[in-house]
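What follows is one structure encoded as structure tokens, with my remarks underneath.
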């Protein structure tokens, strides 16, 4: 790492930084420029915390040379990771289409939806049983009852199911029903929850936090992986910006960037990413064109009666048309449907 | 609430919206303008979710008239809430000064710090036993051992203690040691944790999320309050913006705004808010001048050896000088130290 | 428009608002809810400024029902606007590919580049003669000499040329050379410049400001159009967010959103939008998939010797490969190359 | 500066970077770490553009060691700059209070306001004659007529006047009336305008751009100074963030940070910074407490009839009360009124 000293610091202060670094095994080069002294330290970044160095007298800034994540990095593993969920694979040469309503609300309706989605070409079924809602007065999900409905839908359609986990103590419960567990945007830095799902032997769908940097997102994946669970799928779902004409700003550049930095698969959620039904189809195509391994799309039989996120939900018919469009498009990106 | 219909929608679609609203008890006024039909609905906002209305055919936008929070609002309770923590009161005519290291690292050092802080004028002692860290490889706190050290420091100094809670299952454990529990920025929308501390009979210090709006922050307070715990103190600690020369952007306008919208006390954390030691003193004064009920300041005996957040920590001597400056200043704001 | 009065305002204050609105020709409906009085005003928004109403005693907020732009809106003109630049058309069924170096640096090099770009499939040639640079010590462009070089390149290749205008007094000069004038992101709200190019009979490429909302961007187009020049092409080039791993955050959702709100053509600039050469190709494809009418791409014969923006420039060979990929892709989006 | 090479680059690529740097006079140190090669270059940053280095093959990132601004930096000039405007000084031991309406609308009203402000304690009179408005249909200011009214007010009250300049060709005109020229937020990177006012011998009030970093802001000051005009006063007026409950987010940390990085005076504009009348007084005090040299406050005799920015304007009576409060407070910050 590189340490830039403040202007006019005495040699003594620079020596203290050097001593500190040498004491934890770094090899040091000191460069005295006209206006600044710069210290380069070669060694294992994990041996010292950057902000500890910043706290030393006379230090202006510390610039890390290496990335803080290891297991999640492309340097650690060159080839793409392919993750099996039920009888489908994410990250390989097939496009993954996850679809379903934001929340499981009613058994009959959910199962009917599942059959329609299967027919339309979805290969993973989504639905929320435990819903994190910004108001305590909003519908919070059916809980285990919702999980049972999802399991029933899987039995009838053969589609694997993904659902959100919000409480660390529910990991075994949700894990006993779901084929894949989702960590929502608001929990991306709920480290307790990340560690807990890291102990599970199930794929984890890790949504990007509302204001998470690419690096923080990969560090959240690292949390899960450092507990032994390497089956992490990333999901770009829009970030918070000053723009209010969309619910979030879908950051599609994250797709090729993640592909460069990491070996993990990445999918795109244009429903939360835009918050507007009209934008779901164009941004689905854009996501695929940017190189995503799949999509997660909200579909509701009757969006106007959805208990949450109706305005961004497609009807099953709209989803079916979109899949047809994607089928032609995906060939260009070495993906098939 | 106000519903603006899209341009050129047929009467039939407007009628559906009206019927939907009337079915849940709203009184309706329809206004047909030249370019748009606008529907005004008078009634209880809790009866229907806004986004459900937005999902109805022909609806362009839905504008709520009332705020979504009730218990936390100034409309619900006109007078300021004053909260007792140990033998001090937050929100009244005395400035609350919470100080201490980011993490409890060492018993002897912590207790020495506590005595110095007491002497300098602090009235609440802070310290982290469970630390949420962005890297799984960083120091994660001493856990219960840390809580014991804090309790010992309280015994010796008489200062009440505040510490962060990160795992819902630890609420009773942490509650058995601490006088006040802190919900950190990353957990502001960890609704499971909010509900859990809502069942406790202890004051809760609720930090603003990294990219939380004022409304979302008050909704997080509402989560705690809706479970029966009304002792919530808000803490502004900086928001995430494009600016990188400070760690966060301390949003001091939040102080007078919260005072207008809510009856809850609000304090300011200039240490996390700026991330830079040099800025802590001026932003402490600015926070008081903006009307804050107190400050939370990181103090470490040896910032250069702090296991976390050294660069933003004051030394006990620097803290003491700051308290002296604040003592004079606070008189102007009807607060005493 | 809708005016929400503060809680508990007296009838007198509401009456003043009503009188104010009636005096400028609005028709008024007053609704007295349990907690708030709401006033709906039907009439021409241009008759009064919203913030003037907000300043009236007792007003909590003013919600406009109609958009502030007219000429730029899809409501004003239903069919897509197609703009002719040289012998190419923007906004029709052909994909527009604008390419060239950030700055014109050297005559021979620029003309060689122009021939290579023409061969590769570009249909508009870009290049900067007047460069807005964040440092006064950086290369500021060749000025009129640069324009002459561009004109020479046009003569040799037949490609129309687009270049940035930064000084209102240069509008005639630049207009006498260029086929299309570009307003850069930093000047999107330079209203003097917008009015000046509004008087010209040349197409204007209007880049989105670094932190401009969709509405502000369309209002900037409205400035140009209100002076009589209807030939405005919008260009999404990334917005400023907290994310630092890309130079800007390319907001591709803006493409389908603009298509819905406006009749104007829109293109995407993935070079500035990402700031990274590796991301240009995937984000070009994503831009097309999102529905853009064209792309603006930086190409430099020797990126490592470019006087500005080398890291985001493609070589002519890389550009040629990209065009080949786009040729297949664009068929899916009813565009040809 | 420090150049970090990509993982696994061949020696040849590193050698090219070294050669490039040596050719423009840098002294080089190469460090070969386990995972990366790092090149340190000592010399004058102005000799090469950073982004040109980033464009070289194999370069992962370039980290500058020195700041890009010189004349504006505290390193260039240690002592605070004090600027004389009329018979008052900005940046010294007296608090500067600039006040007045957003726009000059009416002669009689403006002159009456000027007398009231003088009496209340203002020492600079502000008013807009050329108004940059986001809509072409909004009131654009009285132009030269407005300047004449301001000059008349100065004659009657003795207060110096400050007004915004938006068109480079008006620099002489505005300069012939005003004591200080204001560059508005939207024009902070209008480099043509910056250079033009840099040639003037008048103080320039440089507002921070809506999404300008501290570094970009100081670079804008550098533009003015590099033309020979060293009389630049910075004005923090809020930045654009995701928060919508205030018009902008007033970044008061910028005050002590600018004081550290630069010798230039800095004032705060709480009117634009918050957009809400209720927040102007608390944020004025907070600005002073953060160390600002003065304030710029919008005052209008009849805010409800202001042609722009009424909701954030104080009445002259409210301004007078605020000045009284500030008089006591400012003593603590070694400033007098």
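The values are calculated or read from the model by the stated rules, or taken from the named source; none is laboratory data. All of these numbers come straight from a predicted model, not from anything done at the bench. Glycine also receives a Cβ, built like all others from the backbone with ideal geometry; neighbour counts cover every protein chain displayed.
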Consider segment B:260-296. How many of its residues are farther than 16 Å from residue D:290 by Cβ and touching a residue at least 40 places away in the same chain (Cβ under 8 Å)? 11
Would you please name the residue that is farthest from the chain's Cα centre (by Cα), looking only at residues in segment D:1-13 that are in contact (Cβ under 8 Å) with a residue 24 or more places away in the chain and within 14 Å of chain A (Cβ to nearest Cβ)? D:9
Can you name every residue in segment C:149-165 that is out of contact with any helix residue (DSSP H, G or I) (no Cβ under 7 Å at 6 or more places or on another chain) and over 20 Å from residue C:197 (Cα atoms)? C:154, C:155, C:158
Any idea which of C:171, C:166 is touching a strand residue (DSSP E or B) at 6+ places or on another chain (Cβ under 8 Å) and modelled with pLDDT of 95 or more? C:171
Tell me whether segment B:200-214 contains one or more residues that are at pLDDT 95 or above, closer than 24 Å to residue B:283 by Cα, assigned by TED's automatic domain parsing to the domain that holds residue B:112 and part of a helix (DSSP H, G or I). yes
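Considering only segment C:66-78, I want to know if a residue exists there that is within 12 Å of chain D (Cβ to nearest Cβ) and more than 30 Å from residue C:202 (Cα to Cα).
The answer is no, given that none of the residues of segment C:66-78 is within 12 Å of chain D (Cβ to nearest Cβ) and more than 30 Å from residue C:202 (Cα to Cα).
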Do we find that residue C:326 is in contact with a strand residue (DSSP E or B) (Cβ under 6 Å, 6 or more places away or on another chain), assigned by TED's automatic domain parsing to the domain that holds residue C:274 and buried (at least 18 other Cβ atoms within 10 Å of the Cβ) in this structure? no
Which residues, counting only those in segment B:276-303, are at pLDDT 95 or above and part of a loop (DSSP other than H, G, I, E, B)? B:290, B:291, B:292, B:293
Restricting attention to segment C:215-231, does a residue exist that is under 12 Å from residue A:249 (Cα atoms), touching a helix residue (DSSP H, G or I) at 6+ places or on another chain (Cβ under 8 Å) and buried (at least 24 other Cβ atoms within 10 Å of the Cβ)? no
Quick check: is even one residue across segment A:35-45 surrounded by fewer than 20 Cβ atoms within 10 Å (Cβ to Cβ), over 28 Å from residue B:138 (Cα atoms), without any contact (Cβ under 8 Å) to a residue 60 or more places away in the chain and out of contact with any helix residue (DSSP H, G or I) (no Cβ under 8 Å at 6 or more places or on another chain)? yes
May I ask you to say which residue of B:176, B:226, B:211, B:245 is more than 28 Å from residue A:130 (Cα to Cα) and within 14 Å of chain A (Cβ to nearest Cβ)? B:245
What single numbered condition from (1) within 30 Å of residue C:265 (Cα to Cα); (2) modelled with pLDDT under 90 fails to hold for residue C:93? (2)
Could you identify the single residue in C:259, C:276 that is out of contact with any strand residue (DSSP E or B) (no Cβ under 8 Å at 6 or more places or on another chain) and assigned by TED's automatic domain parsing to the domain that holds residue C:203? C:276
Every pair of residues 6+ apart whose Cβ atoms lie under 7 Å, when the first sits in segment B:58-69 and is within 17 Å of residue C:35 (Cβ to Cβ) while the second is assigned to a loop (DSSP other than H, G, I, E, B) and at pLDDT 85 or above: B:68/A:135
Within segment B:310-325, is there a residue that is within 14 Å of the chain's Cα centre (by Cα), at pLDDT 95 or above, more than 14 Å from chain A (Cβ to nearest Cβ) and under 26 Å from residue B:140 (Cα atoms)? no
Taking segment D:304-322 only, how many residues are part of a helix (DSSP H, G or I) and crowded, with 22+ Cβ neighbours inside 10 Å? 5
I'd like the full set of residues that are touching a strand residue (DSSP E or B) at 6+ places or on another chain (Cβ under 7 Å), touching a residue at least 12 places away in the same chain (Cβ under 8 Å) and within 11 Å of chain B (Cβ to nearest Cβ), limited to segment A:229-242. A:239
I'd like the full set of residues that are assigned to a loop (DSSP other than H, G, I, E, B) and farther than 12 Å from residue B:97 by Cβ, limited to segment B:323-337. B:334
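If we keep just the residues of segment D:179-199 that are outside any helix (DSSP H, G or I) and facing another protein chain (nearest Cβ under 9 Å), which is nearest to the chain's Cα centre (by Cα)?
D:188
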Tell me which residues, restricted to segment B:39-62, are more than 8 Å from chain A (Cβ to nearest Cβ), touching a strand residue (DSSP E or B) at 6+ places or on another chain (Cβ under 8 Å) and more than 10 Å from residue B:17 (Cβ to Cβ). B:40, B:42, B:43, B:50, B:60, B:61
